[in-house]
Amino acid sequence: MLTYRIERHPLTGRLELKIILASSSSYRKSLLKRLISNFESRQPDIDENPIPEETPDALAKRLACEKARAVAQHFQNEPALVIGSDQVAWANGKQLHKPGDRAKNIAQLLSLSEQTAHFYTGLCVINTQTNKTQTSVELYTTEFRSLTTKQVQHYVDKEPALDCAGGFKMEGLGISLFKRVYGDDPNTLIGLPLIRLVEFLENEGIALP
């Protein structure tokens, strides 16, 4: 498992930068813990509704930045890096949402049979002391197998993913729903593009071991 060393002040031993995750998502917390163990998480209060005719990648980027800015304003008097991220799932010309219940989960997955879904994950890192902002949108694509009602019902009962955009968990049994997945970083599909985040952290002086 990779871990990253956050530089400490040579005299006080205190962290030079506090790491704040602008999210209450258990999935994003779990992913960030792969890199950094000592971080805080804050839930941002923003309006997540899309703007008319807003593209999915633009929506993902805007929401990631709005989440980071909403939390960063509470850390203006201390050095911190605030990480915001948001994912927009898109298939058949429309946005896929978290299903919320079993029936919607089944219906959504059946609608994706033999279809391609694109997952746009926005990432925004703000340094509260310099106001430097780094942003990106990472794309991950999934091609679904031909799915039967019986297969989908079995999956949903075995691994309900009611709080996941698309209604599946690729890191679990959900991988069985696909015939092909592709992108630069599979963590992007789960909710936080770690490869790009490592780059952004390094740009802020957070050293690798």
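The values are calculated or read from the model by the stated rules, or taken from the named source; none is laboratory data. Because the structure is a prediction, the values reported are computed rather than measured. In this analysis, Cβ positions are derived from the backbone assuming ideal geometry, glycine residues included, and neighbour counts consider all displayed protein chains.
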- Task: Take residue 44 and decide whether it is in contact with a helix residue (DSSP H, G or I) (Cβ under 6 Å, 6 or more places away or on another chain) and surrounded by fewer than 17 Cβ atoms within 10 Å (Cβ to Cβ).
- Result: no
- By residue number, the members of the stretch 112-135 that are hydroxyl-bearing (Ser, Thr, Tyr), out of contact with any Leu (no Cβ under 9 Å at 6 or more places or on another chain) and part of a loop (DSSP other than H, G, I, E, B) are 130
- May I ask you to verify whether residue 195 is within 16 Å of the chain's Cα centre (by Cα) and not charged (D, E, K, R)? yes
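Yes/no per residue for (1) of a type in the set (Phe, Trp, Tyr); (2) in contact with a strand residue (DSSP E or B) (Cβ under 9 Å, 6 or more places away or on another chain); (3) farther than 21 Å from residue 17 by Cβ:
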position	(1), (2), (3)
39	yes, yes, no
47	no, no, yes
59	no, yes, yes
75	yes, yes, no
109	no, yes, yes
- Output the residues belonging to the stretch 92-107 that are farther than 21 Å from residue 154 by Cβ and either in contact with a strand residue (DSSP E or B) (Cβ under 9 Å, 6 or more places away or on another chain) or not small (Gly, Ala, Ser) (or both). 92, 94, 95, 97
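Each row is one residue, and each column tells you yes or no for (1) outside any strand (DSSP E or B); (2) β-branched (Val, Ile, Thr); (3) at pLDDT 95 or above.
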position: 37; (1), (2), (3): yes, no, no
position: 48; (1), (2), (3): yes, no, no
position: 53; (1), (2), (3): yes, no, no
position: 62; (1), (2), (3): yes, no, yes
position: 71; (1), (2), (3): yes, yes, yes
position: 87; (1), (2), (3): no, no, yes
position: 103; (1), (2), (3): yes, no, yes
position: 110; (1), (2), (3): yes, no, yes
- Checked the stretch 175-199 for anything in a helix (DSSP H, G or I) and touching a residue at least 60 places away in the same chain (Cβ under 8 Å); matches are 177, 187, 188, 189, 190, 194, 196, 197, 198
- Note on the structure: residue 171 vs (1) closer than 17 Å to residue 89 by Cα; (2) surrounded by fewer than 21 Cβ atoms within 10 Å (Cβ to Cβ); (3) over 16 Å from the mean Cα position of the chain (by Cα): all pass except (3)
- Message: Within the stretch 105-118, does at least one residue satisfy the condition of being closer than 30 Å to residue 206 by Cα, in contact (Cβ under 8 Å) with a residue 24 or more places away in the chain, touching a Gly at 6+ places or on another chain (Cβ under 8 Å) and not hydroxyl-bearing (Ser, Thr, Tyr)?
- Response: no
- Item | Residue list for the stretch 47-89, filter: of a type in the set (A, V, I, L, M) and surrounded by fewer than 20 Cβ atoms within 10 Å (Cβ to Cβ) | 51, 58, 70
